[in-house]
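Inspection log for the structure reproduced underneath, given as structure tokens.
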Amino acid sequence: MGKRALIAVTAFSAIVWIILFWIVPLPVIILTVIAWIVLLIFNKELGAKILFIASASAAVIAVGLICVFLFAQGIPAMLDIGVLNFLTGTDWRPTWNPPLYGILPMIAGSLYVTAGAILFGVPVGIFAAVFMAKFCPRRIHKVLKPAINLLAGIPSVVYGYFGMVVLVPFVRENFGGNGNSILTASMLLGMMILPTIITISEHAIRAVPPEIYDGAVALGASHESATFKAVLPAAKSGVTASVILGIGRAVGETMAVRMVAGNQAVMRMPHEFLSGTRTLTSNVVIELGYAYGDHRAALIATGVVLFAFILLINTMFMRIRGRK
Amino acid sequence: MFKKFFRKKPTDRIFFLASWASIIATAAVLFFVVGYVLINGLPHISPALFAVQFTTENQSLFPALIGTLMIVGLSLVLAVPLGVCSAIYLVEYAKRGSRFVKIVRLTTETLAGIPSIVYGLFGFIFFGVFLGWGLSLMSGAFTVSIMILPLIMRTTEESLKSVPDTYREGSFGLGAGKLRTVMLIILPSAMPGILAGVILAVGRIIGETAAIIFTLGNVARMPNNLFDTGRTLSAHMYALANEGTHPGEAHATAAVLLIVVILINALSSRVARFIKA
């Protein structure tokens with residue numbers, strides 16, 4: 001399937017829906033529904049099949065709408081500000097006259113907290129996944145599996161709140177600074193991506209054919225060596241996919257980061273990991289509520305940049321997962 | 001397991017210890033988060049927290065609770081039929097590997113990966129501004145239903161696939177048509193799996209904040225009609241945490257939110273286990 005076909009279908013369905021919502025008057029929609037019901041009465045099989053196909057296209061339509069509306073509002077704003085000014089400007093001063101809209105500090109902030117989350121979350125996540133798949137007694141597994149599902153289900157505001165009242169004071173007292181920092185956000189994000197990495201990696205490790213483990217043991221390897229030197233490399237693509245998905249979670253996480261990261265829209269260097277930063281996501285969530293005009297457009301453009309990052313990460317995820 | 005530890009090679013010992021340490025760290029994160037929130041929150045839960053009217057004194061979470069129920073109900077009404085029908089198409093009707101199926105799968109995975117703030121932004125632009133629904137139950141429910149669509153589709157697909165082919169063959173053999181087979185034979189046997197997915201989706205909606213505050217809004221009252229604004233429990237939690245003026249109520253709200261999520265998770269796995277029985 002070509003990329004062109006995908007774009008064509010998405011654009012087409014988006015247009016159809018815009019027309020549906022906007023131009024087509026209600027009577028026409030009602031008539032369509034009546035026509036469908038008549039069809040259903042005379043030919044149940046065909047009518048139902050049409051309903052099922054229409055439902056299946058809903059996801060396509062939704063993605064089309066999201067792309068069209070975000071890009072249609074974000075890209076003109078970006079061109080207005082100047083793409084280079086927008087992406088590489090180090091000053092975000094929406095209230096100045098003339099206002100400055102540079103999101104490099106936010107791009108850097110997103111990268112820092114994500115890198116930090118990888119540092120904290122990925123090693124622990126992968127080792128924990130290996131444990132779950134290869135070392136865990138069945139009785140412990142029965143307890144741990146739902147626990148990890150629960151970890152994935154805890155709302156991000158609860159994580160954020162936990163970060164605010166526990167991690168922020170902890171970092172302030174042990175590392176200095178005021179606690180709302182890149183480090184705090186990284187620690188919190190590292191916790192939040194654990195379940196994603198563990199679940200998918202465990203699945204990948206379990207999917208490795210048993211012959212690989214058996215072969216290694218037959219050649220004299222211990223349980224640990226066989227697991228880490230034969231089985232884990234065989235599960236490489238699945239484990240990598242889980243890490244990429246975790247990165248996607250970390251880049252897209254909003255509430256928790258916004259509550260612990262300090263949110264200063266100032267360009268930081270990596271060694272300033274004890275000072276606050278603002279990510280792309282928190283930039284939108286902090287200012288969208290009261291922004292209007294150009295400022296709102298600049299925020300939507302921020303969303304577009306974030307969306308582009310996410311699409312890139314998703315594509316990588318699907319590539320790697322498809323490879324196995 | 002531990003007895004043999006000192007007979008292992010040094011590298012093996014490191015691997016062994018690292019795995020144990022990692023899983024203990026993971027479990028510790030869970031216990032610490034859940035324990036901290038519950039221990040600090042439960043003592044602050046009081047009847048005033050469930051007063052019908054929100055005032056600055058009581059910081060009642062009741063309107064937010066009702067708002068949550070409304071959003072959950074409305075978005076399930078929108079997303080469940082759509083998700084189940086599209087999964088039926090993908091599993092029962094579509095030809096394997098057809099172009100349309102590939103596109104649907106690709107877009108579903110894309111939807112699953114979009115962060116909630118982007119949904120919030122989109123809902124705000126499209127439902128709020130473009131369609132003129134403003135901050136309302138309708139904008140919120142539509143936005144959230146797009147968000148949970150991939151989850152419902154995936155779980156329904158999984159449970160439809162787990163229905164053995166002999167059921168289909170038996171039904172066709174007795175002369176039933178495709179639609180009758182799907183509706184009366186396959187769907188009922190796939191029901192527990194679908195239900196488990198729906199319950200997971202409810203959990204996802206309850207935990208959602210970023211997409212809610214720009215579509216439903218964050219006003220502490222119950223919505224009066226479909227085009228009225230309100231807030232959900234997690235949006236309420238966010239507001240309380242940010243204001244920082246009512247730490248007791250914030251602790252209590254976090255505990256209530258967490259308890260709801262734990263209950264929903266337990267319910268979902270209970271229902272999912274039912275499928276294997």
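The values are calculated or read from the model by the stated rules, or taken from the named source; none is laboratory data. A quick note: this is a predicted structure, and the numbers were derived from the prediction, not measured. Positions of Cβ are backbone-derived with ideal geometry, glycine not excepted, and every protein chain shown enters the neighbour counts.
Which members of segment A:163-210 meet the condition of being part of a helix (DSSP H, G or I), over 21 Å from the mean Cα position of the chain (by Cα) and either closer than 20 Å to A:M106 by Cβ or among the β-branched types (V, I, T) (or both)?
A:V165, A:V166, A:V168, A:V171, A:I205
Show me the helices (runs of 4 or more DSSP H) entirely contained within segment A:211-324 in which 1 or more residues are of a type in the set (S, T, Y), in contact with an Asp or Glu (Cβ under 7 Å, 6 or more places away or on another chain) and assigned by TED's automatic domain parsing to the domain that holds A:M187.
A:280-287
Quick grid of which residues meet (1) surrounded by fewer than 24 Cβ atoms within 10 Å (Cβ to Cβ); (2) facing chain A (nearest Cβ under 9 Å):
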{"position": "B:A201", "(1), (2)": "no, no"}
{"position": "B:N218", "(1), (2)": "yes, yes"}
{"position": "B:S234", "(1), (2)": "no, yes"}
{"position": "B:V256", "(1), (2)": "yes, no"}
{"position": "B:I262", "(1), (2)": "yes, yes"}
{"position": "B:A266", "(1), (2)": "yes, yes"}
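Applying the selection to segment A:270-307, what residues are more than 18 Å from A:F71 (Cβ to Cβ) and without any contact (Cβ under 8 Å) to a residue 24 or more places away in the chain?
If the condition is that a residue be more than 18 Å from A:F71 (Cβ to Cβ) and without any contact (Cβ under 8 Å) to a residue 24 or more places away in the chain, then A:H271, A:G289, A:Y290, A:Y292, A:G293 are the ones that fit.
Out of B:L76, B:L49, which single residue is part of a helix (DSSP H, G or I), over 22 Å from the mean Cα position of the chain (by Cα) and more than 10 Å from chain A (Cβ to nearest Cβ)?
The unique qualifying residue is B:L49.
Working only within segment A:121-152, note down all residues that are surrounded by fewer than 21 Cβ atoms within 10 Å (Cβ to Cβ) and not aliphatic (A, V, I, L, M).
Hits for segment A:121-152 are A:P123, A:K134, A:F135, A:C136, A:P137, A:R138, A:R139, A:H141, A:K142, A:K145, A:P146, A:N149.
Can you tell me which residue is surrounded by the most Cβ atoms within 10 Å (Cβ to Cβ) among those in segment A:55-107 that are outside any helix (DSSP H, G or I) and either within 14 Å of another protein chain (Cβ to nearest Cβ) or hydrophobic (A, V, I, L, M, F, W, C) (or both)?
Of everything passing the filter in segment A:55-107, A:I103 is surrounded by the most Cβ atoms within 10 Å (Cβ to Cβ).
Does B:T68 qualify as being modelled with pLDDT of 90 or more, crowded, with 21+ Cβ neighbours inside 10 Å, not assigned by TED's automatic domain parsing to the domain that holds B:V163 and not basic (K, R)?
The answer is no for B:T68.
For B:A112, are the conditions met, namely being assigned by TED's automatic domain parsing to the domain that holds B:E208, surrounded by 24 or more Cβ atoms within 10 Å (Cβ to Cβ) and assigned to a helix (DSSP H, G or I)?
For B:A112, the condition - assigned by TED's automatic domain parsing to the domain that holds B:E208, surrounded by 24 or more Cβ atoms within 10 Å (Cβ to Cβ) and assigned to a helix (DSSP H, G or I) - is not met.
Looking at (1) modelled with pLDDT of 90 or more; (2) under 29 Å from A:R319 (Cβ atoms); (3) more than 7 Å from chain A (Cβ to nearest Cβ), can you tell me which one B:F100 breaks?
(1)
Conditions tested, residue by residue: (1) over 27 Å from B:L240 (Cα atoms); (2) in contact (Cβ under 8 Å) with a residue 60 or more places away in the chain; (3) out of contact with any Pro (no Cβ under 8 Å at 6 or more places or on another chain).
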residue	(1), (2), (3)
A:L151	no, no, no
A:Y159	no, yes, yes
A:L167	no, yes, yes
A:L183	no, yes, yes
A:M192	no, yes, yes
A:H203	yes, no, yes
A:V208	yes, no, yes
A:V251	no, yes, no
A:T254	no, yes, no
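Can you confirm whether B:I71 is in contact (Cβ under 8 Å) with a residue 40 or more places away in the chain, more than 12 Å from chain A (Cβ to nearest Cβ), of a type outside the set (S, T, N, Q) and closer than 29 Å to A:A56 by Cβ?
yes
Tell me which of these A:W36 doesn't satisfy, since it passes every other one: (1) within 8 Å of chain B (Cβ to nearest Cβ); (2) free of Cβ contacts under 8 Å to residues at least 40 places away in the same chain.
Checking A:W36 against (1) within 8 Å of chain B (Cβ to nearest Cβ); (2) free of Cβ contacts under 8 Å to residues at least 40 places away in the same chain, the one that fails is (1).
Please determine whether any residue of segment B:85-106 is part of a helix (DSSP H, G or I), among the acidic types (D, E) and either in contact (Cβ under 8 Å) with a residue 24 or more places away in the chain or surrounded by fewer than 18 Cβ atoms within 10 Å (Cβ to Cβ) (or both).
Yes, that holds for at least one residue.
Output the number of the condition that A:V166 fails; it satisfies all remaining conditions of (1) under 19 Å from A:L151 (Cβ atoms); (2) in contact with a Phe, Trp or Tyr (Cβ under 9 Å, 6 or more places away or on another chain); (3) buried (at least 21 other Cβ atoms within 10 Å of the Cβ); (4) at the interface with chain B (Cβ under 10 Å from one of its Cβ atoms).
Condition (3) is where A:V166 drops out.
If I ask for residues that are of a type in the set (G, A, S) and buried (at least 24 other Cβ atoms within 10 Å of the Cβ), which ones from segment A:263-283 would you list?
If the condition is that a residue be of a type in the set (G, A, S) and buried (at least 24 other Cβ atoms within 10 Å of the Cβ), then A:S282 is the only one that fits.
Can you tell me how many residues within segment A:101-149 are polar (S, T, N, Q) and in contact (Cβ under 8 Å) with a residue 60 or more places away in the chain?
Pass one, segment A:101-149, residues polar (S, T, N, Q): A:110, A:114, A:149.
From what's left, in contact (Cβ under 8 Å) with a residue 60 or more places away in the chain: A:110, A:114.
Looking only at that region, the number is 2.
Given the condition aliphatic (A, V, I, L, M), more than 27 Å from the chain's Cα centre (by Cα) and either loosely packed, with under 14 Cβ neighbours inside 10 Å or within 14 Å of another protein chain (Cβ to nearest Cβ) (or both), answer yes or no: does some residue in segment B:25-43 qualify?
No; the residues of segment B:25-43 include none that is aliphatic (A, V, I, L, M), more than 27 Å from the chain's Cα centre (by Cα) and either loosely packed, with under 14 Cβ neighbours inside 10 Å or within 14 Å of another protein chain (Cβ to nearest Cβ) (or both).
Does segment B:205-223 include one or more residues that are within 25 Å of B:L90 (Cβ to Cβ) and assigned to a helix (DSSP H, G or I)? Don't jump to the end; show me each part of the working.
Step one: of segment B:205-223, the residues within 25 Å of B:L90 (Cβ to Cβ) are B:205.
Remaining after also requiring assigned to a helix (DSSP H, G or I): B:205.
Checking segment B:205-223: at least one residue is within 25 Å of B:L90 (Cβ to Cβ) and assigned to a helix (DSSP H, G or I).
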